[in-house]
1. Check ASN160, ASN116 and return the single one that is over 17 Å from VAL183 (Cα atoms) and over 21 Å from the mean Cα position of the chain (by Cα).
2. Considering the range 182-200 alone, what residues qualify as being within 22 Å of the chain's Cα centre (by Cα) and away from the ligand (no atom under 11 Å from the Cβ)?
3. Could you tell me whether GLU60 is away from the ligand (no atom under 16 Å from the Cβ), exposed (fewer than 13 other Cβ atoms within 10 Å of the Cβ) and in contact (Cβ under 8 Å) with a residue 40 or more places away in the chain?
4. Determine if the range 80-94 includes at least one residue that is in contact with a helix residue (DSSP H, G or I) (Cβ under 7 Å, 6 or more places away or on another chain) and under 30 Å from CYS178 (Cα atoms).
5. Residues being away from the ligand (no atom under 16 Å from the Cβ), touching a residue at least 24 places away in the same chain (Cβ under 8 Å) and either assigned by TED's automatic domain parsing to the domain that holds ASN189 or over 13 Å from the mean Cα position of the chain (by Cα) (or both): count how many of those fall in the range 68-90.
6. Which of (1) charged (D, E, K, R); (2) within 23 Å of ILE232 (Cβ to Cβ); (3) surrounded by fewer than 14 Cβ atoms within 10 Å (Cβ to Cβ); (4) within 13 Å of the ligand (Cβ to nearest atom) is the odd one out, the single condition ARG128 does not satisfy?
7. Looking at VAL209, VAL167, VAL162, VAL183, which is the one that is modelled with pLDDT of 95 or more, out of contact with any Ser or Thr (no Cβ under 6 Å at 6 or more places or on another chain), closer than 15 Å to TYR135 by Cβ and of a type in the set (Val, Ile, Thr)?
8. Please determine, by comparing only the residues of the range 210-221 that are surrounded by 16 or more Cβ atoms within 10 Å (Cβ to Cβ) and in a strand (DSSP E or B), which one is nearest to the ligand (Cβ to nearest atom).
Amino acid sequence: MRDMRLQKYLALSGIASRRKAEELITGGRVAVNGIIVRELGTRVSEGDEVLLDGKQVKPEERKLYIALNKPAGYVTTVKDQFGRPAVLDLVHGIKERIYPVGRLDYDTSGLLILTNDGEFTYKLTHPRHEVKKTYTAEIAGIPNDEEICRFEEGLRIEENFVTSPAVFKVKEKKEKSCVVEIVIHEGRNRQVRKMCEAIGHPVISLKRVAIGKLRLGALKEGEWRHLSKEEIEWLMEES
Ligand code: URA
């Protein structure tokens, strides 16, 4: 939370309009960190305890849900410790502290959701909820039926981790590679890359095209948009 005037803090908490909040303050009904304040210029920030008639009040933060088409060459963090471009560098004009839901590798492009809603993030990323994620990948070579079957049934990609059933469809065959659509329900680190590697067809390029029913659609690389109410509901329902 940013530093703000006490009357604004009270208004954002849904307690009263700013004008009414001023009356509450001058009327001696508001305490900050245990002390009654009557001055309208008082500012509050993160960590301050605000009480109205002895009861704690907290501002309702506007919840934001954003879909970004992440280009390759961006890290999925708020800020990178090595100074590389970070996905948040692409989202301008948002005051709230948003962060990415899950992650895409530095080299992966495509759909990434950003929000400041912790419960939504928890639901979407919790392994138990198994929201499906759809990727388009170009992979080296052309897999045979046996390899596709192993991919779909489950592969050991880490010492203690076997993937759950997945979907693998060859969309386009090229001379030395092919384009495939992959659907998985998990989000292990570099999972799709490891799965393709495990069947002997390493990823050349990778793009996430959907999370649940939410599709990347016409969003261009580096662009973002707010999700609609309906889209937020889809994601909540699926998780
Ligand atoms: N799987 C990967 O290997 N990389 C990603 O970025 C996402 C899924």
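The values are calculated or read from the model by the stated rules, or taken from the named source; none is laboratory data. Worth saying up front: this structure is predicted, and the values here are computed from it rather than measured. Glycine gets a Cβ as well: all are built from the backbone with ideal geometry, and neighbour counts include every protein chain shown.
1. Details: ASN116 fails: over 21 Å from the mean Cα position of the chain (by Cα).
Result of the check over ASN160, ASN116: ASN160.
2. Listed by number, the residues that qualify are VAL183, HIS185.
3. Values: away from the ligand (no atom under 16 Å from the Cβ): yes; exposed (fewer than 13 other Cβ atoms within 10 Å of the Cβ): yes; in contact (Cβ under 8 Å) with a residue 40 or more places away in the chain: yes.
In short, yes.
4. No - not one qualifying residue is present in the range 80-94.
5. Residues meeting the conditions: 1.
6. Here ARG128 meets the rest and fails (4).
7. Values: VAL209 fails: out of contact with any Ser or Thr (no Cβ under 6 Å at 6 or more places or on another chain); VAL162 fails: closer than 15 Å to TYR135 by Cβ; VAL183 fails: out of contact with any Ser or Thr (no Cβ under 6 Å at 6 or more places or on another chain).
That would be VAL167, the only listed residue that is modelled with pLDDT of 95 or more, out of contact with any Ser or Thr (no Cβ under 6 Å at 6 or more places or on another chain), closer than 15 Å to TYR135 by Cβ and of a type in the set (Val, Ile, Thr).
8. Checked the range 210-221; the qualifying residue nearest to the ligand (Cβ to nearest atom) is ILE211.
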